[in-house]
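Heads up: the structure comes next, in structure tokens.
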Amino acid sequence: MKNELILDNARVILRNEVIDGHVVVRDGAIAAIDTGRCRSAAARDLDGDFLTPGLVDVHTDNAELHLVPRPGVRWPTRPGVLAHDAAIATAGITTVLDAIACGSDYGKEWRKDIAQETITGISELQRSGHFRADHLLHLRCEIVAEDMTESLTQTIDNPLVRLISIMDHTPGARQFVDIDKFRVYYKGKHGLNDQQVDDMISTRQQLQTRIATQQRQLVADMCHARGITLATHDDATSEHVEEAVKFGATMCEFPTTVEAARAARKHGLATIMGGPNMVRGGSHSGNVSARELAENGLLDMLTSDYIPASLMQAAWLLHTQSGFSIPEAFDVVAGQPARALGLNDRGMIETGRRADLVRIHRSEHGPVVRRVWRQGLEVA
């Protein structure tokens with residue numbers, strides 16, 4: 001039959017169970033799922049490997065890493081974004097929200113210069129069909145950056161924008177509540193001496209006092225006017241979460257404490273943690289571990305953050321180390337993110353859904369991605 005793909009002899013991960021069976025794909029959608037072997041000679045034998053839903057990644061900084069791979073090095077946009085896309089697809093991610101920073105950070109003043117060009121490149125490549133994965137946009141708004149408003153205004157009306165998050169990287173707040181850890185991080189990353197770090201801390205704290213509240217309100221108002229999902233970022237206290245609720249956020253990205261995660265659950269905000277945190281067993285900033293939140297029933301989604309391959313690894317660790325069933329683990333990296341963004345045509349293996357599928361072999365080194373299909377077409 002034209003445009004038919006049959007994936008046979010697989011351990012198929014459904015929403016509530018894992019079955020030994022096969023999946024039939026027609027015209028890019030899942031047409032049938034059944035137990036046992038398929039008799040068709042055209043069926044592809046997966047040798048008992050797992051068949052998972054394509055992962056849905058709501059936050060990755062990976063595009064930026066390809067476009068500015070070294071300090072002072074600016075890689076051409078379209079080749080860089082295509083290389084990023086290849087890394088995403090081969091990690092089993094079939095839908096990705098590329099996180100683009102609106103607003104500069106210390107040592108990353110170039111962000112204001114690349115944001116619009118990056119979004120233009122992603123949009124062109126998405127329209128032209130050159131991407132392997134399906135790309136959408138996540139705008140990360142740094143509210144203590146004076147250039148945030150200009151950058152956001154230039155980008156927010158792009159039709160690929162699905163999520164906006166509010167960030168506040170002021171020393172002594174949120175991600176870096178512990179200023180000593182802030183000092184270590186910035187001295188190590190940027191080669192600063194004590195006086196330079198002190199000056200930077202003072203400048204950013206003054207900026208927070210002067211512009212943070214009005215910029216936070218501006219971002220929230222622009223999101224609500226356009227119906228764009230709003231996330232808070234690096235909440236450390238219940239007060240932070242309550243503030244996020246007031247501004248209309250529905251996601252709590254990277255809460256830094258159990259207190260903040262519990263408050264998010266209380267107020268109905270979905271909690272999102274990074275795959276690298278899960279894989280490493282802790283946060284590089286000294287904040288709460290994703291595993292601790294998972295084991296306390298406070299984790300809704302994982303994202304690849306800055307390492308695409310971490311998302312698949314993290315899903316298996318939820319199962320092998322944190323007590324999640326396999327379907328529960330894959331709901332965290334596929335089903336729940338899709339539902340949260342209103343992408344109800346993907347995120348699970350179910351008849352009628354998009355045939356976004358990943359063949360996984362479990363080895364002693366962890367999950368190995370062997371094949372990836374997006375809408376029934378093999379992309380990796």
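The values are calculated or read from the model by the stated rules, or taken from the named source; none is laboratory data. Keep in mind the model is a prediction, meaning the values are calculated, not measured. Glycine also receives a Cβ, built like all others from the backbone with ideal geometry; neighbour counts cover every protein chain displayed. To get the accessible areas, we keep the full protein, side chains included, count just its heavy atoms, and leave off ligands, DNA and RNA. Shrake-Rupley method; radii C 1.70, N 1.55, O 1.52, S 1.80 Å.
Please find, among Arg204, Arg216, Arg174, Arg183, the residue that is under 26 Å from Gly274 (Cα atoms), at pLDDT 80 or above, of a type in the set (D, E, K, R) and surrounded by 13 or more Cβ atoms within 10 Å (Cβ to Cβ).
The match here is Arg216.
Specify which of the listed residues (Leu14, Leu51, Leu55) is open to solvent by 20 Å² or more (accessible area, probe 1.4 Å), at pLDDT 95 or above, closer than 30 Å to Thr229 by Cβ and not aromatic (Phe, Trp, Tyr). Testing whether each residue is open to solvent by 20 Å² or more (accessible area, probe 1.4 Å), at pLDDT 95 or above, closer than 30 Å to Thr229 by Cβ and not aromatic (Phe, Trp, Tyr) leaves just Leu14. For His135, the requirement of being closer than 27 Å to Ile349 by Cα, in contact (Cβ under 8 Å) with a residue 24 or more places away in the chain and surrounded by fewer than 16 Cβ atoms within 10 Å (Cβ to Cβ) is not met.
Check whether at least one residue in the range 310-328 is of a type outside the set (S, T, N, Q), farther than 23 Å from Thr256 by Cβ, touching a strand residue (DSSP E or B) at 6+ places or on another chain (Cβ under 8 Å) and free of Cβ contacts under 8 Å to residues at least 12 places away in the same chain, and report yes or no. No: zero hits. Taken over the range 289-343, the criterion of being more than 27 Å from Ile228 (Cα to Cα), open to solvent by 10 Å² or more (accessible area, probe 1.4 Å), outside any loop (DSSP other than H, G, I, E, B) and of a type in the set (A, V, I, L, M) is satisfied by Leu317, Ile326.
Evaluation of His130 against the conditions (1) surrounded by fewer than 16 Cβ atoms within 10 Å (Cβ to Cβ); (2) out of contact with any Phe, Trp or Tyr (no Cβ under 9 Å at 6 or more places or on another chain); (3) over 23 Å from Arg371 (Cα atoms) shows that the sole unmet condition is (3).
When His284 is tested against (1) modelled with pLDDT of 95 or more; (2) open to solvent by 10 Å² or more (accessible area, probe 1.4 Å), exactly one condition is not met: (1). Considered as a group, the residues in the range 284-304 that are in contact with a strand residue (DSSP E or B) (Cβ under 6 Å, 6 or more places away or on another chain) and not aliphatic (A, V, I, L, M) include one that is nearest to Thr90 (Cα to Cα), and that residue is Ser304. Hey, does the range 143-152 have a residue that's of a type in the set (Asp, Glu), surrounded by 22 or more Cβ atoms within 10 Å (Cβ to Cβ) and at pLDDT below 95? The answer is no; no qualifying residue exists.
Scanning the range 248-267 for residues that are more than 22 Å from Leu139 (Cα to Cα) and either open to solvent by 30 Å² or more (accessible area, probe 1.4 Å) or hydroxyl-bearing (Ser, Thr, Tyr) (or both) yields Thr257, Val258, Glu259, Arg262, Arg265, Lys266, His267. In the range 362-371, the count of residues that are aliphatic (A, V, I, L, M) and touching a Leu at 6+ places or on another chain (Cβ under 8 Å) is zero. Please indicate, with yes or no, whether at least one residue in the range 240-250 is without any contact (Cβ under 8 Å) to a residue 24 or more places away in the chain and over 23 Å from Ala212 (Cα atoms). Scanning the range 240-250 turns up no residue that is without any contact (Cβ under 8 Å) to a residue 24 or more places away in the chain and over 23 Å from Ala212 (Cα atoms). When you check Gln205 against the structure, is it out of contact with any Phe, Trp or Tyr (no Cβ under 9 Å at 6 or more places or on another chain), free of Cβ contacts under 8 Å to residues at least 24 places away in the same chain and either part of a helix (DSSP H, G or I) or not acidic (Asp, Glu) (or both), yes or no? It is false that Gln205 is out of contact with any Phe, Trp or Tyr (no Cβ under 9 Å at 6 or more places or on another chain), free of Cβ contacts under 8 Å to residues at least 24 places away in the same chain and either part of a helix (DSSP H, G or I) or not acidic (Asp, Glu) (or both).
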